[in-house]
1. Among ALA189, ALA166, which is the only one that is more than 14 Å from VAL29 (Cα to Cα), at pLDDT 75 or above and in contact with a Gly (Cβ under 6 Å, 6 or more places away or on another chain)?
2. When you go through (1) touching a Phe, Trp or Tyr at 6+ places or on another chain (Cβ under 8 Å); (2) at pLDDT below 85; (3) closer than 17 Å to ASN33 by Cβ one by one for SER63, which number turns out not to apply?
3. Any chance you could count how many residues in the range 17-49 are over 25 Å from ILE99 (Cα atoms), outside any helix (DSSP H, G or I) and hydroxyl-bearing (Ser, Thr, Tyr)?
4. If I ask for residues that are touching a helix residue (DSSP H, G or I) at 6+ places or on another chain (Cβ under 8 Å), assigned to a helix (DSSP H, G or I) and open to solvent by 10 Å² or more (accessible area, probe 1.4 Å), which ones from the range 50-81 would you list?
5. How many of the residues making up the range 191-201 are within 16 Å of VAL86 (Cβ to Cβ) and open to solvent by 20 Å² or more (accessible area, probe 1.4 Å)?
6. How many residues are in a helix (DSSP H, G or I), open to solvent by 80 Å² or more (accessible area, probe 1.4 Å) and modelled with pLDDT under 80 when one looks only at the range 102-141?
Amino acid sequence: MGAKCCSCETLSPTTKDIPVGYKRALWGVLVINAAMFIAEIGAGIVSGSASLQGDALDFLGDSFNYAISLFVIGFSLQARARAALVKGLTMGLLGVWVIFITLWHIISGTLPEAQTMGVIGSIALVANIVSFLLLWRFRSGDANMHSAWICSRNDVIGNFAVLLAALGVFNVAKGWPDYGVAAVMAILALQGAWVSIRMALGELRSLATE
């Protein structure tokens, strides 16, 4: 859970514009993200890592968002825009939750296990790169498609940051690199939420004026 990669403000005029392979790609990233949530939330709790727990919650949120995207395939543009709005709000809530997790670890003075962070972070990075590549060609679609790609993009950025946090914790034997990365991931989630919500509201306003 970066900067907006492209301005995808064009509207898809009909449900026939859903690209071939989009549904299959969504199923693939849904399975990947659900599996990684289970693996990473356990590792995050055991290792005491705020960034791993934040990344795990991001996997959970993404699984929910991809499931919504699958559900609304073939629906009207209005329904898909509303789904993107829900996904944006979900990303925002997860961002706020990661902030609370980070503050709790700061207050507790938790020192995470760098080795566990490195191993799990590397596995998660591979999983997110695969998801990113599966969704890459659909990033310029409507708000619903674009929000799905934003989830994947933010995950890749977040996992690189987790690995940097693991290296920092290992070198300085303090928890602040982990806290800092968790805070960045929260900001990414909030930024992604803003982009998705803005695009969805834009599409809904355009439809209302037709």
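1. Working: ALA166 fails: at pLDDT 75 or above.
Step by step, each of ALA189, ALA166 is checked, and only ALA189 is more than 14 Å from VAL29 (Cα to Cα), at pLDDT 75 or above and in contact with a Gly (Cβ under 6 Å, 6 or more places away or on another chain).
2. The one condition SER63 does not meet is (2).
3. The number of residues fulfilling the criteria is 0.
4. Selection gives GLN53, LEU57, LEU60, SER63, PHE64, ALA67, ILE68, LEU70, PHE71, LEU77, GLN78.
5. 4
6. 1
The values are calculated or read from the model by the stated rules, or taken from the named source; none is laboratory data. Being a predicted model, the structure only gives us computed values, none of them experimental. FYI the Cβ positions are ideal-geometry reconstructions off the backbone, even for glycines, and counts take in every protein chain you see. Side chains are part of the model used for accessible areas, which takes the heavy atoms of the whole protein and leaves out ligands, DNA and RNA. Shrake-Rupley method; radii C 1.70, N 1.55, O 1.52, S 1.80 Å.
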